[in-house]
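Q: Quick one: structure below, then a few questions.
Rule-based calculations on the coordinates, nothing more; no lab input. The model shown is predicted, which means the values in this text are computed figures rather than measured ones. Positions of Cβ are backbone-derived with ideal geometry, glycine not excepted, and every protein chain shown enters the neighbour counts.
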Amino acid sequence: MALTSSTDRSGGGTEISGASSGTAAAAAAPSAGSDISSSNDGPASSDITGPSTRRSSRSRKRTSFLSYSSVTASDVTAAVTTAAADQRAKISSTANDPYNANPADLSDREFEKLLEQYEEDGVHERAEKKRRLERGYGDDDYRYTAPDEPIPFDSLPSPCIELVFEMLPTVRSVFNLAFQSKSMLSHVEERTDIIVRAAVHGNADNQNKNRPKRTMTHITNMVRNHSIHVPGNIRLLRLLNATRCERDENCWGFNLENKLASSRGVDCNRPYSMALCSQCANDIGRSIVARGWWSHWARGEKKILVHGWNNMIHPNLASDLAVAPGGEKVGPRINARQIHQICNRHPGNIEAQKEAFGELVKTVYGEEGSEERKTYEKECTDLIDIFDTAEDDLKSWLKERSEKRNEESSKKNAETLARRKEKLEPIIAALEAAVANAPNKELIEHEWSSNPYRAVIFKVDFVRQAMSNLISAPSSASRKKVTAVCGDVRRKLVILSKSKDFWSWSFLSTAIKTSSGLTKRVNEKLLDYCQACLPRGPNAYVRGDEHDVNDRFFDLLEEKKYNDALLHIMDARGALGRVTPRILVGLAAPHSRNKRLLVGEVWKKVADERPRNDEGAMPNWTWTSFLETLGSCRREFNVMKENVRDYLNHPAVKAYIANQNEDLGNPLPRQVAVDQAWRPASTVIRRPYSWAFVPPSIRAVRPYYLLLERDFVLLLEVHRYYVGQRTYNMH
């Protein structure tokens, strides 16, 4: 049987057939009617039967190869097997990646399948492109692939380089890149919007730190007034990034050591549209009039540039700044000398001065409608439009960002509120169940709020205090904690219902009947205060925002210590200092108003002298301690009252009051200052600004102790000081 090699058109491998190895060896001998063909370099389909010129040449080639080699049948078999394996690998790779296959290696069926695949992929790609256009392109739609070789930046097309300039974050970055070369600088010379937008949009997250934006605003305002030469793009870029005075060696603050101009005063403003330090700005400016500049008509003219409220540029002093190094005109178009000449020509005639100023404008700016004036106004309008557009874009971006943040914050707060409400509902349900059959259960009323960190608000203060820990951290609220807090709220509600004698003030009425002397008067004044200033009934009192209703208050009510509970409330409300003068001084007493003022000062001093507790705080009032302090206050008040009378009758004091005519221009009479003895301050005399106005003799003295120690001479000096300062509110 002959050895044959054929290739399947469907893409299969080369088939080798034979009866046996011996038969193959016998058939391996070359003969005129046999041929060994391989399709490694030829088409995928080959035929080894039939005469053919092309086939004869290939046969001669193979015969020539075999004629120079001593080939055995096994060698031929191995060569054919290797060729078949190579063909299989080639066809397999073609099947895996048909797009990279050689069309000459594909069968007709494979070629048809390849065309169908092309069509399907095209339909899919067009559909994806349409969806991207509808939703907008994202960052992942076209991923960046770095080129094999880096491309020099200046070799990029001009639109690409300008796009890079537009994407720079700050105007300083634009400055640094532009001055790398003349080629880079040329891209900025024709694009004013690149410079302006970089200045306005730089540091957009914190506009308070965006100095270039404030500088650009200052320059634009001068352009709006048509008062300066419109700066070119390169000069504008320099002005926005200037950190030193542009006068260089002519700068007043020029440093001879490091050869640098001064940077002092070169902030966001640009005096006369120039980068000048404060010394140079003051040097080249002059006021056109010695007085009356604030009301001068020139300050209201748009085309006149004023710096420092009253200075205009002096042309002689600023001659080195009139023209930029590139020949560009800079600075104000109208100077102080021109306005001064107009004022001298028409002194006092404002209308004539304004008319002359109108003629000056025509000379400097050109006639109305002239080409020169149109060109200048167009330059101003272009710069203003670019700046306004950049600001509008910035405001839109900030507004959009703010709305987006608010939306995200609202969504987050809503989610947080929902989670917190879900955790709080079982706690509120447990509280309602605990007080279901308790008295005054309406005091636990509450409402849900939109604040996620204060989801529920209780209207009664003591309930809010009891539930605060559970409300603030509901996740850590265990069953034991919830039960304890709910039980505490129920206990307080029960205490309120059982304290009817306290809320009706009947305990005071009973004490009045069974007491006498000072104690009886104390109870009477306390009852008057309660009836006049405190609401009747527990519900009416605790519904207010009264922080004095705390745990100590409920403990006192539970122990039936109603006097101590009342003192606790009055101390928290600051009422003890108001009730004490009414207790010790009656309305019928002479000079009752002055005496009550004196009692108030004595009470503050005696109450502050109480011994502190172990923590350094003032101790809580009890009925016993209050009566003892009140007795001390009465004894010291009697002493102070006698001292005041002796002070007012002192000869030096009477002589001082009698000479009132010496202070006719002073609105504080001497008698009023001396009467402050009824209200002596227990603090040192102070002066809000300086000790220089306080005489050394009365520095660091306390008028209360001067009166208590009967130092009338020094106390009179204090009252003299009151008259000199026209006030006695010096403590």
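Q: Using DSSP to define loop residues, name the trypsin sites (Lys or Arg not before Pro) in the range 565-672 whose beta-carbon has at most 16 other beta-carbon atoms within 10 Å.
A: Passing both the DSSP loop test and the Cβ count: ARG573, ARG612.
Q: How far apart, in nanometres, would the label points at THR483 and GLU128 be if each is projected 7 angstrom from Cα along the Cα-to-Cβ direction?
A: Here the answer is 6.4 nm between the modelled labels.
Q: Quickly work out the ASN469-to-SER402 label distance, labels modelled 7 Å from Cα along the C-beta direction, and quote it in nm with one decimal.
A: That separation, rounded to one decimal, is 4.2 nm.
Q: In the range 538-623, which GluC sites (Glu not before Pro) are in a loop and have at most 16 other Cβ atoms within 10 Å, using DSSP for the loop call?
A: Values: sites: GLU546, GLU558, GLU559, GLU601, GLU609, GLU615; in loops: GLU546, GLU559, GLU609, GLU615.
Answer in residue order: GLU559, GLU609, GLU615.
Q: With θ set to phi - 60°, apply the Karplus curve 6.51 cos²θ - 1.76 cosθ + 1.60 along the range 190-202 and write out the HN-Hα couplings as whole Hz, x wherever there is a Gly or Pro.
A: So the Karplus estimates, Gly and Pro as x, are 9, 10, 5, 5, 4, 5, 5, 5, 5, 6, 6, 8, x Hz.
Q: On to the next question. What ranking do 471-478, 269-276 get when scored by the average of other Cβ atoms within 10 Å per residue, highest first?
A: Ranking, from highest mean packing down: 269-276, 471-478.
Q: Enumerate the lysines that LYS654 could reach by cross-link, defined here as Cα to Cα under 28 Å, with residues fewer than 8 away along the same chain left out.
A: Here the lysines satisfying the reach criterion relative to LYS654 are LYS595, LYS641.
Q: Still on this structure, please answer the following. Given R₀ = 45 Å, FRET efficiency for ARG552-ARG299 by Cβ-Cβ distance, to 0.05?
A: Efficiency at R0 = 45 Å is approximately 0.05.
Q: Give the calculated FRET efficiency between GLU559 and ASN208 to the nearest 0.05, with a Förster radius of 45 Å applied to their Cβ-Cβ distance. Don't skip to the end; give the middle numbers.
A: Values: r = 59 Å, r/R0 = 1.31.
After rounding to 0.05, the efficiency reads 0.15.
Q: Using a simple spin-label model with points 7 Å from Cα along the Cα→Cβ vector, what separation in nm is obtained for ARG710 and LYS259?
A: 8.6 nm
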